[in-house]
Each structure stands twice: as structure tokens, then as C-alpha cells.
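Report on the structure given below.
The values are calculated or read from the model by the stated rules, or taken from the named source; none is laboratory data. Bear in mind the structure is a predicted one, so any value in this text is a computation, not a measurement. Cβ coordinates were reconstructed from backbone atoms using ideal geometry, including for glycine residues, and neighbour counts include every protein chain displayed. Ligands, DNA and RNA are stripped out before the accessible areas are found, and what is left, the full protein with its side chains, is counted by its heavy atoms. Shrake-Rupley method; radii C 1.70, N 1.55, O 1.52, S 1.80 Å.
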2 protein chains.
Amino acid sequence: MKQSDRDRSVRLLWEPDAQTAREPKAALTRARVVDAAIKVADAEGVDALTMRRVAETLGFTTMSLYRHVPGKSELLDLMVDAVWGETEHAPAGPWREGLEFFARQMWSMYRAHPWMLQLTTSRRMPGPHAMTRQDAAYAAVSELGLRSEEIVAVVTTVAHFVDGVGRTMADRVRSERETGVSEEDWWNGREALWEHFTPDRLPMMTHIWNSGGFERPLDEFEFGLARVLDGLAVFIDAEDRPLVRRETCL
Amino acid sequence: MKQSDRDRSVRLLWEPDAQTAREPKAALTRARVVDAAIKVADAEGVDALTMRRVAETLGFTTMSLYRHVPGKSELLDLMVDAVWGETEHAPAGPWREGLEFFARQMWSMYRAHPWMLQLTTSRRMPGPHAMTRQDAAYAAVSELGLRSEEIVAVVTTVAHFVDGVGRTMADRVRSERETGVSEEDWWNGREALWEHFTPDRLPMMTHIWNSGGFERPLDEFEFGLARVLDGLAVFIDAEDRPLVRRETCL
DNA sequence: ACACCTGGTGTACGACGTAAACAGCGCATG
DNA sequence: CATGCGCTGTTTACGTCGTACACCAGGTGT
């Protein structure tokens, strides 16, 4: 039941494609299905990613996909790990460069495939490519004499930041595709909304608006990444580092 | 068409409930619908949040909801802003305390309603409560003599971090509900997965695992928040601050 | 020769969001 | 009081989704 389902997912992701043991007599392959699904998601967003749509782009019937992929959920797992597989391995070097490389890898991955952030929101199964990249990120800070919990915490802090900034970026991309209207035009067209942005209700926002703070924003990724790495540097260079363990699971 | 739809959403969110102008003759109200929807999402997750399910908990038919809410998308907008309305206003004080308060508000909001992070992933319409909290966050750093772009960048950096850590937390909560199995038990039950975690494939991960780094993790939120604020302090205390503007829209 | 597996097809079902037509009620107007 | 209108809730129905299931064609092992 559940157990076997999950183990099947593990096998699907981690074990090499054994289907061609006999003969490559199949016109359709798992790789082709995953590839087509990624292309659909890239072009039309994850909401348009239906089994029918994927099959259509391949020129097969919907149900033919199920001969190569157990279900949509597992197809999503495979897509996510395939995209992680596109990223490069981090080179050896000082910790800050290594973490920065890791962050930029994630960032460019999210930019190329914004739907990733919607899929990893689900209970996804970790795949080999994702784990390999994570391992490389841990390796970047392995020479600093940190406790292993600290290594994990440092890397996840960076990952969380990139996730967060990627999420807003992905939202922007999606809105633009869905409405067919650019972010800027959209906001400019919301006169009904601006009426409510009065200085007494939202003093700081109107001030920032009037002084052009929203029109010429800083690069959110570059700015934030520099700050996060600065903050980690403060931690790493400190003599004694306080430990705050997680007390709750949630 | 689109324009009028969007403006209707604005009115829905920003203008006071005018429906009781005549008489409160309706058994169902918008507030009750939104409230029931939030309860369903809290208890069963946003995937279980269907119009049929909300109507059922209220003891009405599905279509009755549409007398009070234009559609599901707008209901989600209303839910998001209602939850923002539950948070407290930031008190005045030094910048670091103010930002920390803002971050902790978001964090506890996400912990109480993990589905928020799945909903804000969509092209949501900003509501008054969300904007008020954001305004207060800007106010926290308003006395530092920063340029207004910098004010925005500082606050969004914190928000992005909390979003990122909230997202992983929300995933954990969701997995546990869906599978009925705790995070720890789930991982422990994945022998099929552990087989692939060999030192030659994932040297750092196996090392961290063996030294207990995953078993006794640090508090991701506390750790990361402290680092992010440290990094912002470095920026704020610096004499000259480089400007990196956003060059692309995406 | 045969049964068997493997890969692709066609049909069908239940759940979803919601459009549209309808029914009962309270009120303002004759 | 009667009448008709507008608001609230109901019923039915449609199109789309994931996918279970039965079917079929052709290559393979015995």
C-alpha cells in the first residue's frame, strides 16, 4: 500500500532505467515523457501541465504515459530531479565562494524553471541529483571546523533565502503569463487599488512610492545574498557560537 | 472583463462589507464563508479546500457560497488577508527589534496557517491587512537614513528568508498530515532510500548523518533569522553602501 | 504451435469549479 | 391588501482533471 508506493518512487528515482533490459522496442520512454512534461511546464506553467497535454505534445494518447510513469505525482518527482540534474557541480574553494555558487545555481535553476518552486512545495521524494547538489553545498563549508548541525544550518539558511526570493520571482513570472500583462503595467492599471493607499493608512508605503523606491528597486537576489553571506561570516568568525536547537518538530 | 474582475477583487478586499446596508437577512455571510474556509484549510490542508467541502461544513449547498463570494480565487484572497489581520501591529523601537518582530509575526502566522505559503504562491491581490503589516515593517527601518530602495530591500530580505523557512516547515506539516506519519518515522521507514546514501555518492551527507547532524538539528528559524539580521547590521553600519539595481524584470 | 508479456488505445468514473435556471422570501410600491 | 422585484439559497448540468480497467496488436520463450 503506502509503503510499497513510496518504495516504488524511491526505485523510480534512484535506480537506473532498467526498462530497456530486453529491447528498446518502446517508441515512448520515461525520459521522453519527463522531457516533454518539463517543456510543457516551462512554456505554459505547471497549471497547464496535465497528462492529456503532455501526451498531446508527444503525439500519443493520454493513457500511454501510464506505461512509463506510475502517475502524475511520480512524474513531478522525476521532473524535479531531472532539473536538478541540469545544474553544475560546485568547484572546490573557500566557503563563501562555494555557498555563493550553490545559491546562484539554485537561482538560475529557478529562473529557468519557475514551476520548481510550486512542485517542491509538495511532499516530493528527494532524488539523486538534488541530493548530490546538497552534498556539494555541505562540502563547501566542511573545512571550517563547524559542528555538523551547524553545517546543516548554514547551508539551509542560504537555501531558504533563495527559495524565498525565488518564490516571489516565480509568482511574478506566472502572473505575467496568466494575465498577459507585465508586472508594472498591472500595478499601474490598479487605480481602484491606489485609491486606498493613502498616507494616513499606509504612511511608509506612500512615502516610498513618492520617493521612487518601488520604481527603481535593488536586485533582491544580489542584495539579499550578500547580506545573508555577511551574516554567516559573522557567525563563522565568532569565537563562541551559541546553539539553539530545534525544540518542536513543526 | 479582466479589468472589471480585478477591480471587483479590489473592492472586495479593501471596501467595508456593504452587504448589510439593508438588513442582515442572510443566514450566510461573507465573513462566515471565509471563516469556514480558513478552518477547513487549517484542519485538512489547502488541497482539501473545495467549495463543496466549505459548504458542507456550513450546512449549505455548494452554490450558496457563490452568493457571498465571486469565486474560489477571490475566496482565497479574502482568506489570506483575514489571516494577516490576525497578526499584531509592530511596536515602535530600534530597527533590529522591529524587523525581528515582523519576522516572528510572519513565522507564527505561517505556523498557525501553513497553507498561506501555498496560496501566496498564486497571483494574489494584496489586501489591506497585509499591506498594513508591510508598512509597519518599513517603518521599523525608517529612521536609519537609508534610501527608500534600501528600505524595501532590507525588509524584503527578511521576508524572503521567513518565506523560505516557512515553506519547508509547511511541507513538513503537510506530509505528516497526508501520510499520517511523522517526518522522522517517514525517513526512518525509507530503507530503500538509505541504501543509496553511500559515502562515495554522498560523502558529506553520510558524514553528517553519522555524526548526528540531522538528528539534533538547530532551530532553522532562529538560526537563520539571527544570521540575516547580523548581515543587515553589517550593511546598515557600513559607511558606503553599494547599489545593485535590478536589471531584469524577471 | 501456443501462451505470454509489453506497449499503446478507448471508454468510463468520480471529483472539481461554476454557469444557468429556478424557488421562496421580504420589502416598496400600487 | 395585492403585486412585482430583488436577494438568498437550491438544483441541475457541463467541461476538465487524474486514472482504473478492458482491450488489442505484435514480438518472444517454450
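With the label put 7 angstrom out from Cα along the Cα-to-Cβ vector, A:E44 ends up 3.0 nm from the copy partners, going from closest to farthest.
Classified by the C-alpha gyration tensor, segment A:22-92 has an oblate form. Its axis ratio a/c, with a ≥ b ≥ c, is 1.5 or above, and a/b does not exceed b/c. Contact order for segment A:82-164, expressed relative to its length and based on alpha carbon pairs under 8 Å spaced 6+ residues apart, stands at 42 percent.
For A:R96, inter-copy separations between label points set 7 Å beyond Cα along the Cβ vector come to 2.1 nm, shortest first. Assign one of three labels to segment B:211-250, namely rounded, prolate or oblate, based on the Cα gyration tensor with a ≥ b ≥ c the square roots of its eigenvalues; rounded applies when a/c is under 1.5, prolate when it is not and a/b is larger than b/c, and oblate otherwise. Because a/c hits 1.5 or more and a/b fails to exceed b/c, segment B:211-250 counts as oblate. For chain B, averaging the sequence separation of C-alpha pairs within contact (under 8 Å, six or more residues apart) and dividing by the residue count gives a relative contact order of 17 percent.
Each stretch of four or more DSSP H residues adds -39500 (n - 2.57); spread over every residue of chain A, this sum gives -19000 deg cm²/dmol at 222 nm. Within the protein assembly as shown, how many Lys pairs that are eight or more residues apart, or on different chains, come under 22 Å at the alpha-carbon? Count of close lysine pairs: 4. Taken about its Cα centre, segment B:95-237 carries a charge dipole of about 500 debye when Lys and Arg each add +1 at the Cβ and Asp and Glu each add -1 at the Cβ. Accessible surface calculations at 1.4 Å, restricted to protein heavy atoms, place segment A:95-237 at 36 Å² per residue. Buried accessible surface for the B/A pair, both sides summed and rounded to the nearest 100, is 8100 Å² with a 1.4 Å probe. Projecting the Cα atoms of B:N188, B:T132, B:I151 onto the charge dipole of the protein assembly as shown (Cβ charges, centred on the Cα centre) puts B:N188 farthest toward the positive pole. Sorted on the mean count of surrounding Cβ atoms within 10 Å across their residues, most packed first, peptides B:219-225, A:199-205, B:7-13 read B:219-225, B:7-13, A:199-205.
When a 1.4 Å probe is rolled over the protein heavy atoms, the share of accessible surface on the protein assembly as shown that falls to carbon and sulfur comes to 53 percent. Within chain A, the selection of entire DSSP H helices by a Cα span of 24 Å or greater along the long axis and an average Kyte-Doolittle value of at least -1.0 returns A:95-112, A:148-179, A:220-237.
Rounded to two decimals, the Cα-based Rg/Rh of the protein assembly as shown, with Kirkwood Rh, is 0.97.
Classification of chain A by its C-alpha gyration tensor yields an oblate form. The axis ratio a/c (a ≥ b ≥ c) is 1.5 or more, and b/c is at least a/b.
Rounded to the nearest 20 debye, the dipole size of the protein assembly as shown about its Cα centre is 1980 debye, using +1 on the Cβ of Lys and Arg and -1 on the Cβ of Asp and Glu. Do you know the relative contact order of segment A:95-237, to the nearest whole percent, from alpha carbon pairs under 8 angstrom that are 6+ apart? It rounds to 31 percent for segment A:95-237.
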